[in-house]
Amino acid sequence: MQRIVEPLEAKQRELWGHQTITLRHNLPSLDLFSDDYLAKMIETAAPRSLAIHAEGGTDPSNWPSVSRGNASGTQVLDAVRNGMLWVNLVGISEWDSRFAELADQIFAEFEQQVPGLNIVKRKVGVLISSPKATVHYHVDIPGQAIWQVRGRKRFIIYPSTEPFLKQTELEDAVRSATYGVASYQPWFDEHGTPHDLEPGQALHWQLNGPHRIENFNELSVSLTTEHWTPDIRRTYAMNYGNGLLRQYGWTPRSTATSGAAFWAKVGLTAAYRKSGLQNKNGYQRIAKFTVDPNSQSGARPLPESEWAPPGS
Ligand SMILES: [Fe+2]
């Protein structure tokens, strides 16, 4: 079978997961990312697997949700191409067999090349976004990579340390969802590293590295991959436990992921989650807009009587 990822250099294998590495891949040559295939995916996605949103603020829970309505997959793509929209095909390897094979192959290639890499859980999505669209400064909780397939985008990555990532913000992000809001100051850019991604390039960066994205003046299609290893799970449990300690008035002093204090946090986290006290993941999306390829933004507001969860 043809390789997807160009073989990693020896130094990239050592840097994997710790520093940003740029990879080359052949995804642009696959028909999986053509307008026709994407349009079909948009039309066949279950409502929970298709997230469309319009321009919003820095907190993704405030992004206006957009229903597909009666628009065909091709019309959705036209609306993205000419408007200001983000279309996310969520967990696509769980419901499309060709993307499932692709995900299997990508992660098998990584595991073959990076010594000791043990991926215990992973997820793949496709993000289609408008020319000049941006994604605000944020942090992701699992290991992440972005694979550029069509169009170009500038991806700016910042250190995953104070003051760019505050420990309390990371703990909040861990406890609420897989996507976290982090506070941003324009001067952070003096310490961020921009990467202009072209089709055929991918980036993998250090765990929890904050980042933001600016599309060039071109429709962008990217594959996004997230993965969990035993180490990433331990870091998650430590941050979750520290967040709980802070909630109950303690100031956590350790970010160790082994030893008695760490295992006490694992126990605390498990007990807390079992108690049902944690926030339920996510928020109820209500679509107040629908896709409209004839509108300048690609979406038009719905009358209040038609507001509903997308796809209902
Ligand atoms: Fe991200």
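The values are calculated or read from the model by the stated rules, or taken from the named source; none is laboratory data. What you see is a predicted model; the values in this text were computed from it and never measured. Neighbour counts are summed over all protein chains in view; Cβ atoms, including those assigned to glycine, are modelled from backbone coordinates with ideal geometry. Accessible surface areas use protein heavy atoms only, side chains included; no ligands, DNA or RNA. Shrake-Rupley method; radii C 1.70, N 1.55, O 1.52, S 1.80 Å.
What single numbered condition from (1) out of contact with any strand residue (DSSP E or B) (no Cβ under 6 Å at 6 or more places or on another chain); (2) under 22 Å from VAL5 (Cα atoms) fails to hold for GLY143?
Single failed check for GLY143: (1).
Give me a count of the residues in region 55-77 that are farther than 22 Å from GLU306 by Cβ, of a type outside the set (Val, Ile, Thr) and open to solvent by 40 Å² or more (accessible area, probe 1.4 Å).
Number of matching residues: 1.
Which of the residues that make up region 10-42 are in contact with a helix residue (DSSP H, G or I) (Cβ under 9 Å, 6 or more places away or on another chain), without any contact (Cβ under 8 Å) to a residue 12 or more places away in the chain and within 17 Å of GLU111 (Cβ to Cβ)?
Listed by number, the list holds a single entry, GLN12.
Go through region 196-223 and give me each residue that's open to solvent by 40 Å² or more (accessible area, probe 1.4 Å) and in contact (Cβ under 8 Å) with a residue 60 or more places away in the chain.
Correct list: PRO199, GLN206, LEU207, GLU214, PHE216, ASN217, GLU218.
Of the residues that sit in region 229-256 and are over 17 Å from LEU170 (Cα atoms) and in contact (Cβ under 8 Å) with a residue 12 or more places away in the chain, which one is farthest from the ligand (Cβ to nearest atom)?
PRO230
Quick one: count up the residues across region 195-235 that are in a strand (DSSP E or B) and closer than 18 Å to LEU32 by Cβ.
Of the residues in region 195-235, 8 are in a strand (DSSP E or B) and closer than 18 Å to LEU32 by Cβ.
Could you list all residues from region 182-228 that are under 19 Å from the mean Cα position of the chain (by Cα), away from the ligand (no atom under 15 Å from the Cβ) and charged (D, E, K, R)?
Within region 182-228, ASP196, GLU198 qualify.
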